[in-house]
Structure formats: structure tokens, C-alpha cells
Amino acid sequence: MATVFKWILDPPWSLGSVSDEFAIGDFQIRLVASCLEIEAVTTGTEETASRLAKEYVGLLRCRGVHILLLSTQDFAALPPRIIQVEGPTQKERTFMLAAVKGGEERFAREIRCRPPSVLRVLGSSD
């Protein structure tokens, strides 16, 4: 049975119009607006999923996307705030899509280049 781990990307409007989905080993990674989900298709621990989430967000940050990774509990504990969201301009949307796509490709490449012991921890069969 698959287990899904979820995080919130803060600020929530930063990737509001972007979505992506891809597989890394035995994990399915889904980015839908401000929600990052990592599904352990077979067996996977929360610790491993958290490590993947942190690495993915780190790559997005390296590509100029300014976000924080928060657990759903941490996000819910934040004080209320007024959020006024305007849709991204075409230039901003193009930038975010390029960052996500480039992050996915780099993430997949870096994960596959790891030593077999790390890949086993991440659940990859490569």
C-alpha cells in the first residue's frame, strides 16, 4: 500500500500556477501549486520522503524560486495572515515553469548518480 507524505510550500502563492509529477526510484513526487506530495509506492519512511522533499526544494531555490518547506502542522500553526494574490505575469509563469522543469531534470540526474547504498535508502532499483 502506498503512503503519501505532504508538505506546504510557503509562501503559498509562489507556485500557484505550477504543477509537476515525476518518479524517482520507488517514490512519486507531485507538485501541485503550494503542495508537495511524495508518495512511497512500496515501502518508504517519512525520513526518506522528507529528505527527498528538502533536496527538491533546495534545487528549486538554487533556480531562483524563493520558498520554504513546511510540514502541514507547521503551516497550520502560523499566525493568520491576509493574502492578496494576483495571478503571475506571463514572464513569472515562464520562469517558474522553467525552474520546476529544470529542477526535476537535475534532481533526477543527481539521484541517479548516487552510490548504490544511497539509492537503496531512497528506494531506487536503478
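Is it fair to say Thr72 is among the polar types (S, T, N, Q), at pLDDT 85 or above, closer than 30 Å to Thr89 by Cα and surrounded by fewer than 16 Cβ atoms within 10 Å (Cβ to Cβ)?
yes
Quick one: would you say Gly103 is closer than 20 Å to Ser19 by Cα, modelled with pLDDT under 85, within 13 Å of the chain's Cα centre (by Cα) and part of a helix (DSSP H, G or I)? Taking the combined requirement at face value, the residue satisfies it.
Mind checking which strands (runs of 3 or more DSSP E) fall wholly inside segment 21-97 and carry at least 1 residues that are of a type in the set (D, E, K, R)?
Of the strands (runs of 3 or more DSSP E) lying wholly inside segment 21-97, those with at least 1 residues that are of a type in the set (D, E, K, R) span 27-32, 35-40.
If the condition is being farther than 11 Å from Val100 by Cα and of a type in the set (D, E, K, R), then segment 56-79 contributes only Asp74. Among the residues making up segment 29-47, those that are farther than 21 Å from Ala76 by Cα and modelled with pLDDT under 85 are Val41, Thr42, Thr43, Gly44, Thr45.
The values are calculated or read from the model by the stated rules, or taken from the named source; none is laboratory data. Small disclaimer: the values here were computed from a predicted structure and weren't measured. FYI the Cβ positions are ideal-geometry reconstructions off the backbone, even for glycines, and counts take in every protein chain you see.
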